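Here is the structure we will look at, set down as structure tokens.
The values are calculated or read from the model by the stated rules, or taken from the named source; none is laboratory data. Being a predicted model, the structure only gives us computed values, none of them experimental. All Cβ positions, glycine included, derive from the backbone under ideal geometry; neighbour counts span all protein chains shown.
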Amino acid sequence: MTEPFTIAIDGPAAAGKGTISKAVAAHFGFAHLDTGLLYRAVGAKVMTGSDAIEAAVGLRAEDLDVDGLRTAEVAQAASKVAVIAEVRAALLDFQRAFARRAGGAVLDGRDIGTVICPQAEVKLFVTASAEVRGKRRYDELSAHSDGISLAQVIEDVRIRDARDAERAEAPMKPAETAVILDTSNLSIAAAIAKAIDLVSARVQTLR
């Protein structure tokens with residue numbers, strides 16, 4: 001495929017959208033962008049004393065490769081800077097240009113199908129219960145650090161969900177035309193297979 005084709009994959013933290021997005025992109029030969037990394041990179045800069053808006057305006061591609069962007073602390077910082085309208089505006093053009101690149105693109109985040117790419121050819125909203133997502137995140141974090149409780153991680157997930165869903169600027173919610181994919185009771189392989197089937201079905205209807 002040489003013409004632009006955008007797959008927007010949204011959903012809350014630890015629902016599996018990142019893993020699913022990478023697999024979908026690889027299956028169809030599309031480029032992939034984890035838009036959450038943009039906000040994590042800005043959040044990481046704020047943690048070291050930078051102004052959030054200045055960090056967003058000056059963000060460079062190499063900032064997405066900085067070590068430590070996947071930590072829980074950076075995730076919370078990212079969620080906080082994401083409520084700032086000026087930060088979102090500064091990152092908007094980068095995401096939209098990526099989405100319409102030749103050859104197809106998969107973007108995952110919180111507001112891809114609703115704000116960044118409302119005209120995306122395919123929209124998925126990947127979700128799971130807070131308990132399931134908290135356990136997934138706990139398993140991931142506990143492998144690298146001690147002293148983390150499952151209860152606290154689940155609570156952190158709920159707090160972040162509320163912040164993302166209730167923010168005035170681009171709240172997290174399924175696009176009206178998005179297909180909901182609940183991964184609570186699905187293995188990684190099953191979730192990926194389901195997502196690929198959903199995208200393939202949509203591609204067929206557009207031909």
**Study point:** Residue list for the stretch 145-159, filter: of a type in the set (A, V, I, L, M, F, W, C) and not in a helix (DSSP H, G or I)
**Key:** ILE148
Study note, to complete from the structure: Considering only strands (runs of 3 or more DSSP E) wholly within the stretch 1-112, the ones with at least 3 residues that are surrounded by fewer than 16 Cβ atoms within 10 Å (Cβ to Cβ) and in contact with a strand residue (DSSP E or B) (Cβ under 8 Å, 6 or more places away or on another chain) are none
Review point. Do we find a residue being buried (at least 17 other Cβ atoms within 10 Å of the Cβ), within 15 Å of the chain's Cα centre (by Cα) and at negative phi anywhere in the stretch 132-147?
Key: yes
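Rundown of residues vs (1) within 30 Å of GLY29 (Cα to Cα); (2) of a type in the set (D, E, K, R), yes/no style:
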residue	(1), (2)
LYS45	no, yes
GLY49	no, no
ARG60	yes, yes
ASP93	yes, yes
Check your understanding: Only one of ALA162, ALA193, ALA168, ALA189 is in a helix (DSSP H, G or I), modelled with pLDDT under 95, surrounded by fewer than 16 Cβ atoms within 10 Å (Cβ to Cβ) and not acidic (Asp, Glu); which?
Key -> ALA162
Point to revise | In the stretch 12-44, the residues that are of a type in the set (A, V, I, L, M, F, W, C), over 13 Å from LEU181 (Cβ atoms) and either in contact (Cβ under 8 Å) with a residue 12 or more places away in the chain or touching a helix residue (DSSP H, G or I) at 6+ places or on another chain (Cβ under 7 Å) (or both) | key: ALA13, ALA14, ALA25, PHE28, PHE30, ALA31, LEU33, LEU37, LEU38, ALA41, VAL42, ALA44
**Study point:** Number of positions in the stretch 82-101 that are in contact with a Pro (Cβ under 8 Å, 6 or more places away or on another chain) and either at pLDDT below 90 or not aliphatic (A, V, I, L, M) (or both)
**Key:** 2
**Study point:** Qualifying residues in the stretch 113-131 (those that are out of contact with any helix residue (DSSP H, G or I) (no Cβ under 7 Å at 6 or more places or on another chain) and within 19 Å of ALA97 (Cβ to Cβ)) - the one surrounded by the most Cβ atoms within 10 Å (Cβ to Cβ)
**Key:** GLY113
Review point. Here is a list of conditions, (1) part of a strand (DSSP E or B); (2) hydrophobic (A, V, I, L, M, F, W, C); (3) buried (at least 19 other Cβ atoms within 10 Å of the Cβ), and ILE180 meets all of them except one; can you say which number that is?
Key: (3)
Review point. Do any residues in the stretch 137-149 that are among the hydrophobic types (A, V, I, L, M, F, W, C) have Cβ atoms under 7 Å from those of residues that are not in a loop (DSSP other than H, G, I, E, B), where the two are at least six apart or on different chains, and which pairs are they?
Key: LEU141/ALA72; LEU141/VAL153; ILE148/TYR138; ILE148/LEU141; ILE148/SER142
